[in-house]
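The structure appears right after this line, and notes come after that.
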Amino acid sequence: MRRTMSCLLMCLLASPAFAGPFDGRWELDPASCGAVYSEARVAIADDRIGFVESACRLTNPTAIRGMDSAVLYDMECSGEGMMECSGEGMTWSERILLARDGEAGLLIYSRGFASRRQRCPES
């Protein structure tokens, strides 16, 4: 599990040519940024977002009128941190809203739940 997460994060955080406003590692608790493994970590790079046991491709970005820092995406996801849409036979799609919250905050709204993450320092 930890090896999968480490591989996923390395793939997701390879230096993109143009970093987007959401790119980086994000944690619920900034104290977890230095941990090798965290259940709450979210990694975003270009059109990819990675969670603890899944990886998703962000498609169809839609700006939200009147909310300059918010973007609504379609997500195409697969389980177990696989970059392709396969993983224990599970794939799914859903919508996700990402919005910046100040300089170091990220709001994530999906499946009727909202969470706030803090940006981890680059290592």
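General observations
- Each residue of the stretch 91-103 was assigned a 3J(HN,Hα) from its phi angle through the Karplus curve 6.51 cos²θ - 1.76 cosθ + 1.60 (θ = phi - 60°); the sequence is 9, 7, 10, 7, 9, 9, 10, 10, 8, 6, 10, x, 6 Hz, with glycine and proline shown as x.
- Estimated FRET transfer efficiency when R0 is 22 angstrom, pair Leu97-Glu122 (beta carbons, to 0.05): 0.35
- Net length gained if the chain between Ser115 and Tyr37 were fully extended (0.36 nm per residue, minus Cα distance): 26.2 nm
Each value in this text was obtained by applying a stated rule to the coordinates, not by laboratory testing. Quick caveat: nothing in here was measured; it's all calculated off a predicted structure. With ideal geometry, Cβ positions are generated from the backbone for all residues, glycine too; neighbour counts draw on all protein chains shown.
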